[in-house]
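The values are calculated or read from the model by the stated rules, or taken from the named source; none is laboratory data. The model shown is predicted, which means the values in this text are computed figures rather than measured ones. Here Cβ is always computed from backbone atoms with ideal geometry, including for glycine, and neighbour counts include all displayed protein chains. Each accessible area value is taken on the protein alone, full model and side chains, heavy atoms only, with ligands, DNA and RNA left out. Shrake-Rupley method; radii C 1.70, N 1.55, O 1.52, S 1.80 Å.
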Amino acid sequence: MLNSELGASYEDKTQTSKRLFHKATKVFAGGINHNIRFFKPYPFFSKWAKGKNLCDVDDNEYTDYWMGHWSLILGHSPRTVVNALSQQLRNGTLYGTANHISLELGELIQKLMPGAENLRFSSTGSEATMYAVRLARAKSNKRVIAKIIGGWHGFNTTLMQSVNYPFNKQEGAGLVAEEEQFVESLPFNDLDSSIKILESAIDDLAGIILEPILGGAGCITPDLGYIKGLQEFAQKNDILLILDEIVTGFRLSIGGASQKYNLKPDLFTLGKIVGGGMPIGIVCGKKEVMSLADPVLIKENQARCNIGGGTYSCNPMSMAAGLATINYLNKNMDEIYQKINDLGAKARAGLAKIFKEAKIDVQVTGEGSLFLTHFLNNKVRSISNAADVAMSDLGLLHRYHLGLITLHQIFFLPLKMGAISSVHTEGDITHLLEATRLLVNSGILSSEKDS
Ligand SMILES: Cc1ncc(COP(=O)(O)O)c(C=O)c1O
């Protein structure tokens, strides 16, 4: 099957989505409400999701590995969250006042993540990373933030730099070029080069922000020495280390990457899983830093660091869904993390084996319950940073994912890593492996096909 035939087959199956997408382009810029949700030829429209399944408006039911931007560790609409939300719905959706559920969730996070001496809720991860940057600047009285090349921290303006290949151009119109001088970009997993860049900026360096696993950039795992090296540099030079755990928090372990890798960031951000399927972001960290945002404690002559919030911050629906999710994870942590990590290992090993036997050059990256297949080529022989991913054969990866969607009812958001939830089963991974083998055998994944 050629790529054009695969596209036609997708269109055949998703006629209603095709019509809706056409309408949507007249309503939304580009027909979507998050850039990465677009994929060629057009994204399908969903009508319900339950457990591990996502169903589109043409009644195609998919086993979902996108799982709401990797948020839904207990699957779609787990009973515990549905019950908590139903009850909360009757009690009010937005008080716009302090509420006790946020306190319960906050205390639970403090217990599970001791680095969260203080925390603040917001409605998105993008806000949380924006606040973390502001706090680091307020604490240090310096301006420059170092981030990782390819690192994704949401749409906040400061960190919208060196996100997309070729990484050294402005990330689109509407950003102010002068702001670039306040961000330094570091090559992931290359400690020597990163330290040189940090040293060159040291006089005005406020902090370093990084994702423990590069998620949006392509599921790239860290050399532990790299993160520890950055942490050591930060400690030695009195610079703040900010760990963006919006993907890894409650995913790699109940205590996130900090617990798994034994890291001690000054600040860290959470989102996704901790919202239990509802909007959330959290900035957490050392009291001495977070207290800069305390409107009561701040001395009169000291400017407060204004962080949010926002209208919907710690709204009781997000708090109730998050609390139900984290309570459930806490009670069942041994069983859940063992299960999803084992399934992740099975998927990575199985996929690598199938492609190796077919002599298709891939590297399956990931850790725990996260994984992504990269198609290697003459330019890229292995994956250790975002540039490697950008130069790998993304056309082939798109075809693989579209093939899974169209021919095997398995949904990965094309080009993006997959996340396993507690309701995925061994049978699902076997299905994924069989589907992959069939796609390989069909010849659809040979790099000579049209694109
Ligand atoms: C590591 C990381 N940080 C921050 C964000 C932004 O979170 P949100 O989309 O909730 O604004 C994301 C979103 O994908 C993310 O993956």
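Considering only residues that are more than 16 Å from the ligand (Cβ to nearest atom), outside any helix (DSSP H, G or I) and without any contact (Cβ under 8 Å) to a residue 60 or more places away in the chain, which ones fall in region 192-222?
Selection gives 201 alone.
In region 357-387, which residue that is out of contact with any strand residue (DSSP E or B) (no Cβ under 8 Å at 6 or more places or on another chain) and among the charged types (D, E, K, R) is nearest to residue 399 (Cα to Cα)?
359
Residues checked against (1) surrounded by fewer than 22 Cβ atoms within 10 Å (Cβ to Cβ); (2) assigned by TED's automatic domain parsing to the domain that holds residue 69; (3) within 16 Å of the ligand (Cβ to nearest atom); (4) at positive phi:
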{"residue": "104", "(1), (2), (3), (4)": "yes, no, no, no"}
{"residue": "108", "(1), (2), (3), (4)": "yes, no, no, no"}
{"residue": "111", "(1), (2), (3), (4)": "yes, no, no, no"}
{"residue": "118", "(1), (2), (3), (4)": "yes, no, no, no"}
{"residue": "125", "(1), (2), (3), (4)": "no, no, yes, no"}
{"residue": "129", "(1), (2), (3), (4)": "no, no, yes, no"}
{"residue": "135", "(1), (2), (3), (4)": "no, no, yes, no"}
{"residue": "141", "(1), (2), (3), (4)": "yes, no, no, yes"}
{"residue": "150", "(1), (2), (3), (4)": "no, no, yes, yes"}
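Take residue 192 and tell me if it is at pLDDT 95 or above, exposed (fewer than 14 other Cβ atoms within 10 Å of the Cβ) and among the charged types (D, E, K, R).
In short, yes.
Could you go through region 285-294 and let me know if any residue there is at pLDDT below 95 and under 19 Å from residue 124 (Cβ atoms).
Taking every residue of region 285-294 in turn, at least one turns out to be at pLDDT below 95 and under 19 Å from residue 124 (Cβ atoms).
Name the residues in region 374-395 that are closer than 18 Å to residue 214 by Cβ and either part of a loop (DSSP other than H, G, I, E, B) or of a type in the set (S, T, N, Q) (or both), would you?
The answer is 376, 380, 382, 383, 384, 385, 392.
For region 407-451, give me each residue that is more than 26 Å from residue 335 (Cα to Cα), open to solvent by less than 10 Å² (accessible area, probe 1.4 Å) and assigned to a helix (DSSP H, G or I).
435, 436, 439
Looking at region 233-314, what strands (runs of 3 or more DSSP E) fall wholly within it and have at least 1 residues that are crowded, with 24+ Cβ neighbours inside 10 Å and acidic (Asp, Glu)?
Where strands (runs of 3 or more DSSP E) fall fully within region 233-314 and carry at least 1 residues being crowded, with 24+ Cβ neighbours inside 10 Å and acidic (Asp, Glu), they are 240-244.
Please verify whether region 56-67 includes one or more residues that are out of contact with any Leu (no Cβ under 7 Å at 6 or more places or on another chain) and within 15 Å of the ligand (Cβ to nearest atom).
yes
Output the number of residues of region 345-373 satisfying the condition of being part of a helix (DSSP H, G or I) and out of contact with any helix residue (DSSP H, G or I) (no Cβ under 9 Å at 6 or more places or on another chain).
5
Output the strands (runs of 3 or more DSSP E) that fall wholly within region 33-72 and possess 1 or more residues being surrounded by 19 or more Cβ atoms within 10 Å (Cβ to Cβ) and of a type in the set (Phe, Trp, Tyr), or say none.
It comes to 61-64.
Among the candidates 375, 412, which residue alone is among the aromatic types (Phe, Trp, Tyr) and touching a Phe, Trp or Tyr at 6+ places or on another chain (Cβ under 6 Å)?
Selected residue: 412, the only one of 375, 412 that is among the aromatic types (Phe, Trp, Tyr) and touching a Phe, Trp or Tyr at 6+ places or on another chain (Cβ under 6 Å).
Please determine whether any residue of region 256-271 is of a type in the set (Phe, Trp, Tyr), more than 24 Å from residue 76 (Cα to Cα), within 16 Å of the ligand (Cβ to nearest atom) and touching a Pro at 6+ places or on another chain (Cβ under 7 Å).
Within region 256-271 (the criterion being of a type in the set (Phe, Trp, Tyr), more than 24 Å from residue 76 (Cα to Cα), within 16 Å of the ligand (Cβ to nearest atom) and touching a Pro at 6+ places or on another chain (Cβ under 7 Å)), the answer is yes, since at least one residue qualifies.
Could you list all residues from region 157-180 that are farther than 23 Å from residue 227 by Cα and within 16 Å of the ligand (Cβ to nearest atom)?
The answer is 157, 171.
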